[in-house]
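To start, the structure under review is shown below, and the notes come after it.
Readers should treat all values here as calculations from the given coordinates under stated rules, not as data from a laboratory. Fair warning: this is a prediction, and the values are worked out from it, not measured in the lab. Cβ sites come from the backbone with ideal geometry, for glycine too, and all protein chains shown count toward neighbours.
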C-alpha cells in the first residue's frame, strides 16, 4: 500500500481534496451507483466490513486499518463510483479517495470499478476517472495486484463498445492506477504539480530526479495531453466530453465527410494558380502563407488538443485534436510546415484511431517539407511510425478529408493524405520528393532545380490532372 508521498501539488485552495469534493467540483447531480459496492458475483458490499476481517491473505491488523480509514473518510473503499453531469454531458465517474489507505487498489476497489464500467456500457455513457492512488494494496497481496488485469479488461470492453474514457490524474497517481485507469485512457488531463508515475516516491532509485515523476514532465514526454488548473477543470472536462460524445448533429452524420476548409489566401494574397512548378514551390514555402493554426481557428468554433504519442515523444509541428463546426464534432491532424517527427506521426495515428472508434470524421491538413531525416528520427523509428499512420488512414471506417495547404513533401506528407478525398489550395505543391533532392538524385546541378520542379508536375492544377487531388479550393 502506498503512503502519502512527500511533495506534490495541491488540488486547489484546500489541498488534496476528498473524492466527493472532487466530484462536486466537476459534476452536477451525482448519484452513487447502487451496485458500486460490488460487481455481480463480487464480495465488496459496503455492509460486510466486519466479515471481510483481515482480507484475503489474513494480513494482521488490516481489518483495523480499514475501520480507521472508514472512520476518517466516511467511505468503505478507496473509490466512489456513480453518475453525474459534466458540462451538460452525463457520465460515469470513478473518483479515488486517497485518504482511504492511500487510494490503493484492492479487491473491493476492483469490484466497484468493474460495476462502474458495466453500467457505462449498459447506459452508453463515457467514463471519467478522477485518480489519486498509490497503487496496489499490499495487505491483499496478489489478490490486489490482479485487480489491474480486471480493470484493464473492463477498460478494454468499454473501449470496444465505442465509449470514450477520460482520466484526470490528481496528486499522486502512481503504480497500477496510473498504468491502467490513467495512462490507458483516451485523453489524460493532469493537475499542476501532481506526481504522475509508475514508480511511487518510496520505491524510486536513490537520487532520482523528482521532475521525471511529475505531471509537467509527463506532458513534455507525450504521456499527458494537458495540464489543467483546478478552477479550469470543470470547463475543460465538459468541453472534452461534449466533443467526444457528440460525433454528429443528426443520425448518419458520422459517415458524412468533413468539408475541406476554404483557402485563406497565400503569398501576395492572390488566388491565381502558379504558372511554373518552381513558382508553386516558392509560394508553398513563403513565410506569408497561412499555416495550420490559422486554418484551424477559421474552421472550428471551438477545439481541444491532444498532445504526445504516449511513447515518450511530442512534435510541436503536429496539431491533433477535436473541434466543433456547425454543431458537429470533427477530429483533426494538421502539420504546421516543419519536418514531421516520428512522434508527430504516432500522435496523428493515435488521433485517427480514436476518432474511428468513436465514429467521428477526420480532417487532415498537409504541410511539411517531409519526414524528419536526421539520426534522432531514425533512432526513434521514423519508418515504423509512418507505416502505422498509413495503416490507420487505410483502415479508418470513418471518412477522412485532406487539404494540402502548403508543402507536400514525399511520404511524410502522403501518410496523412486521404486516398480519393484530397483537396489542394493554390498555395501548395505535392511531390514525390523535393525538387532539390530530385535534382541531386538525378545528378543534375543546382542550376537545374527549377526545371526539375516543372518536370515533377507538382503544381495544384497538375495534381488535379493526375487524379491525385479531387479539386482546388479557393478563398
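In this simple spin-label model, placing a label point 7 Å from the Cα along the Cα-to-Cβ direction at both residue 217 and residue 24 gives a separation of 3.5 nm.
At 0.36 nm per residue, and after removing the present C-alpha to C-alpha distance, how many nm does the segment from residue 305 to residue 461 gain when stretched out fully?
Working: separation 156, 0.36 × 156 = 56.16 nm, distance 3.29 nm.
Fully extending the segment from residue 305 to residue 461 adds 52.9 nm.
Relative to the longest principal axis of the Cα atoms of the chain, the long axis of helix 382-395 makes an angle of roughly 90 degrees.
Here the label points at residue 49 and residue 124, each 7 Å from Cα along the C-beta direction, are separated by 3.9 nm in the simple model.
Between residue 160 and residue 275, the contour length at 0.36 nm per residue exceeds the Cα-Cα span by 36.4 nm. Its alpha carbons give region 253-472 an Rg and a Dmax of 16.6, 53 Å.
On the basis of the beta-carbon distance and an R0 of 51 Å, residue 142 and residue 440 show a calculated FRET efficiency of 0.25.
Give me 52, 213 ranked fewest to most by other Cβ atoms within 10 Å of their Cβ, as a rough exposure proxy. Let's see the in-between values first.
Working: 52 18, 213 23.
With the fewest neighbours first, 52, 213 line up as 52, 213.
Once both labels are positioned 7 Å from their Cα atoms along Cα-to-Cβ, the gap between residue 72 and residue 32 label points is 1.9 nm. Between 0 and 90 degrees, the angle of helix 62-73 with respect to the longest Cα principal axis of the chain falls at about 70 degrees. Within the chain, DSSP assigns beta bridges of which about 40% are antiparallel (rounded to the nearest 5).
Take the Cβ atoms of residue 152 and residue 432, set R0 to 51 Å, and the FRET efficiency comes out at 0.70. Given that just one value was derived from the coordinates, which of [x] 85, 52, 38; [y] 74, 52, 42; [z] 85, 47, 34 is Cα extents along the principal axes in Å? Here the calculated entry is [x].
Any idea what angle helix 342-358 forms with the longest principal axis of the chain, computed on alpha-carbon atoms, 0 to 90 degrees, nearest 10? Tilt relative to the chain: about 70 degrees. For the Cα trace of region 19-244, dividing Rg by the Kirkwood Rh returns an Rg/Rh value of 0.95. Between residue 288 and residue 474, the C-beta separation translates, for a Förster distance of 25 Å, into a calculated FRET efficiency of about 0.90.
For the pair region 319-349 / region 76-114, the C-alpha centres are spaced 32 Å from each other.
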